1. Pick from LYS94, LYS6, LYS55: which is in a helix (DSSP H, G or I), modelled with pLDDT under 70 and of a type outside the set (Ser, Thr, Tyr)?
2. Would you mind stating whether GLU156 is of a type in the set (Asp, Glu) and assigned to a strand (DSSP E or B)?
3. Yes or no: ARG107 modelled with pLDDT under 95 and more than 24 Å from VAL187 (Cβ to Cβ)?
4. Looking at (1) open to solvent by less than 60 Å² (accessible area, probe 1.4 Å); (2) not in a helix (DSSP H, G or I); (3) not aliphatic (A, V, I, L, M), find the lone condition where SER127 falls short.
5. I want to confirm something. Restricting to region 103-124 and keeping residues that are open to solvent by less than 80 Å² (accessible area, probe 1.4 Å) and within 16 Å of ASP196 (Cβ to Cβ), which single residue is nearest to the chain's Cα centre (by Cα)?
6. I'd like the residue in region 158-193 that is over 19 Å from ASP115 (Cα atoms) and of a type in the set (Gly, Ala, Ser) and, out of all such residues, is most open to solvent (accessible area, probe 1.4 Å).
7. Restricting attention to region 187-196, which residues are closer than 20 Å to ALA149 by Cα, assigned to a strand (DSSP E or B) and out of contact with any helix residue (DSSP H, G or I) (no Cβ under 8 Å at 6 or more places or on another chain)?
Amino acid sequence: MAEEVKSNMPEEKKKTGSESPGPDNKSGSKDPHKEHQGKTEEANEHEEKKKKSHKDKSEVKIQELEMKIGELTDKHLRLQAEFDNYRKRTLREKADLIKSGGESVLRNILPVIDDFERALDSLKNISDDDSIKQGTLLIYNKFKEFLSANNVKEIEALHQEFDVDHHEAITKIPADDDKLKGKILEVIQKGYTLNDKVIRFAKVVVGE
């Protein structure tokens with residue numbers, strides 16, 4: 001009886017040892033929850049990197065666009081300033097053209113005025129009732145009115161201070177009075193301005 005019990009004991013131990021899991025079996029098994037968590041973290045990290053890369057590209061693109069906008073704005077302002085200067089210059093040139101229109105025609109009339117003045121000077125001893133003198137004076141006055149209507153004015157010269165902007169000195173002669181030094185003693189040819197612009201300098205003799 002005792003032998004039977006002893007003989008059965010190893011079998012139970014053997015059976016028990018085969019059924020109970022050992023330390024090796026427990027360490028070799030994988031936890032599904034941890035495995036899933038690791039994959040999720042990797043996916044999140046990859047997604048973060050992807051978002052960061054996309055964000056960096058977007059920032060670079062924004063900087064490039066801002067630079068282009070700045071360049072276009074600067075170019076636009078320059079073109080606007082150039083156009084504004086061109087418009088002002090064109091208006092000024094147009095105004096000057098209108099203001100000084102026909103300058104060459106008016107300048108060419110001046111010698112005719114000179115001839116009429118010389119003719120009237122030669123007729124000064126003739127009676128004012130003389131028809132030739134009256135006709136010459138009439139035409140002369142018509143020319144003077146025409147010049148005045150076109151803003152052509154005679155430059156004052158006789159006994160005035162010599163002004164290089166309006167007068168041209170032909171010669172200098174000694175002045176009889178100290179007060180006449182540097183002043184115009186004689187006008188050889190009258191000068192004229194058109195809208196305050198000199199179209200012919202007055203040729204004069206200056207005292208010294």
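1. Working: LYS94 fails: modelled with pLDDT under 70; LYS55 fails: modelled with pLDDT under 70.
Going through LYS94, LYS6, LYS55 in turn, just one is in a helix (DSSP H, G or I), modelled with pLDDT under 70 and of a type outside the set (Ser, Thr, Tyr): LYS6.
2. Details: of a type in the set (Asp, Glu): yes; assigned to a strand (DSSP E or B): no.
Here the answer is no, as GLU156 does not meet what is asked.
3. On the way: modelled with pLDDT under 95: yes; more than 24 Å from VAL187 (Cβ to Cβ): no.
No.
4. For SER127, the exception is condition (1).
5. GLU103
6. Going through the qualifying residues, I end up with ALA169.
7. Step one: filter region 187-196 for residues closer than 20 Å to ALA149 by Cα, giving 190-196.
When the remaining residues are screened for being assigned to a strand (DSSP E or B), the result is 192-194.
THR193 - this is the single residue of region 187-196 that is closer than 20 Å to ALA149 by Cα, assigned to a strand (DSSP E or B) and out of contact with any helix residue (DSSP H, G or I) (no Cβ under 8 Å at 6 or more places or on another chain).
Matching residues to (1) among the charged types (D, E, K, R); (2) over 18 Å from LYS190 (Cα atoms); (3) in contact (Cβ under 8 Å) with a residue 40 or more places away in the chain:
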site: PHE116; (1), (2), (3): no, no, no
site: ASP130; (1), (2), (3): yes, yes, no
site: GLU154; (1), (2), (3): yes, no, no
site: ASP163; (1), (2), (3): yes, no, no
site: HIS167; (1), (2), (3): no, no, no
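The values are calculated or read from the model by the stated rules, or taken from the named source; none is laboratory data. Just so it is clear, the structure is predicted and the values come from calculations on it, not from any experiment. Neighbour counts run over all protein chains shown; Cβ positions are idealised from the backbone, glycine included. Side chains are part of the model used for accessible areas, which takes the heavy atoms of the whole protein and leaves out ligands, DNA and RNA. Shrake-Rupley method; radii C 1.70, N 1.55, O 1.52, S 1.80 Å.
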